[in-house]
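The values are calculated or read from the model by the stated rules, or taken from the named source; none is laboratory data. Bear in mind that the values here come from a model prediction, so they are computed numbers and not experimental data. Because the Cβ atoms are built from the backbone with ideal geometry, glycine has one as well, and the counts that use them run over all protein chains shown. SASA here: full protein model, heavy atoms, side chains in, ligands and nucleic acids out. Shrake-Rupley method; radii C 1.70, N 1.55, O 1.52, S 1.80 Å.
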Amino acid sequence: MLQVTKRSAESLRVLAEIIRAIRIQAGAAKLSEDDFAREVQDWSEICAEITDHRLRECYLAASRDRSVRAIMQPHELIQAWKVIREKERSRATFAPMAQPEGDACYYCGGSGWQTVAYIAESGNENTAVRACACSAAPAAMRKSEPYREPEWHKRKHSVIWERAE
């Protein structure tokens with residue numbers, strides 16, 4: 001059974017503006033009031049997954065991505081909504097660690113992680129990452145002290161620490 005969504009009057013007004021703009025851009029004939037109201041209701045049900053306050057944003061994103069002059073369809077708004085949602089999810093997932101108050105930590109550059117170079121038994125140089133001691137590092141992984149001079153030194157123009165010889 002099809003579930004009918006209830007949108008606010010404001011979001012239906014925004015949707016009506018979007019549909020009018022789409023029809024004008026495509027050079028389509030003007031619809032009768034009844035047909036236009038039915039089209040707004042249809043779009044409202046088809047685009048039910050798009051939150052009310054993001055309708056305009058989805059329309060603008062869909063308009064930017066299209067090159068065809070034909071009438072935009074509701075599925076294009078839904079596709080734009082999925083792209084916007086995915087970008088927000090990836091931005092939240094890969095957001096950098098919070099910067100410490102004041103200046104960035106000298107040892108990790110404010111990332112919360114120190115990159116360390118070491119020579120393996122085979123003679124190859126490897127790198128590893130470990131949590132720093134500053135407040136930018138995750139609390140559960142935070143070390144008691146960062147790698148620091150004189151036992152360790154930072155490579156010139158780099159964030160990599162290596163054991164002093």
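Within the range 21-48, take every residue that is closer than 17 Å to R7 by Cα and of a type in the set (A, V, I, L, M, F, W, C) and give me the one that is surrounded by the most Cβ atoms within 10 Å (Cβ to Cβ).
As a first pass, look at the range 21-48 and keep what is closer than 17 Å to R7 by Cα: 36-48.
Right, trim to of a type in the set (A, V, I, L, M, F, W, C) and you get 36-37, 40, 43, 46-48.
Working: F36: 15, A37: 13, V40: 19, W43: 21, I46: 15, C47: 23, A48: 14.
This residue is C47.
Do we find that R56 is more than 14 Å from E17 (Cα to Cα) and among the charged types (D, E, K, R) in this structure?
Numbers: more than 14 Å from E17 (Cα to Cα): no; among the charged types (D, E, K, R): yes.
So R56 does not fit the description; no.
Restricting attention to the range 49-78, report how many residues are open to solvent by less than 40 Å² (accessible area, probe 1.4 Å), more than 15 Å from E10 (Cβ to Cβ) and not in a helix (DSSP H, G or I).
Counting residues in the range 49-78 that are open to solvent by less than 40 Å² (accessible area, probe 1.4 Å), more than 15 Å from E10 (Cβ to Cβ) and not in a helix (DSSP H, G or I) gives 1.
Pairs, please: C-beta under 7 Å, at least 6 apart or cross-chain, first residue among the β-branched types (V, I, T) and in the range 50-69, second assigned to a helix (DSSP H, G or I) and open to solvent by 20 Å² or more (accessible area, probe 1.4 Å)?
Qualifying pairs under 7 Å: I50/I78.
So which residues in the range 79-101 are modelled with pLDDT under 65 and surrounded by 10 or more Cβ atoms within 10 Å (Cβ to Cβ), if there are any at all?
Listed by number, the residues that qualify are M97, A98, Q99, P100.
Take the residues in the range 120-137 that are of a type in the set (A, V, I, L, M, F, W, C) and surrounded by fewer than 15 Cβ atoms within 10 Å (Cβ to Cβ); name whichever of them is nearest to Y106 (Cα to Cα). Break it down into steps so the answer makes sense when it comes.
The first filter runs over the range 120-137 and keeps only residues of a type in the set (A, V, I, L, M, F, W, C), leaving 120, 128-129, 131-134, 136-137.
Cutting the leftovers down to surrounded by fewer than 15 Cβ atoms within 10 Å (Cβ to Cβ) gives us 120, 128-129.
Working: A120: 26, A128: 18, V129: 16 Å.
Here the answer is V129.
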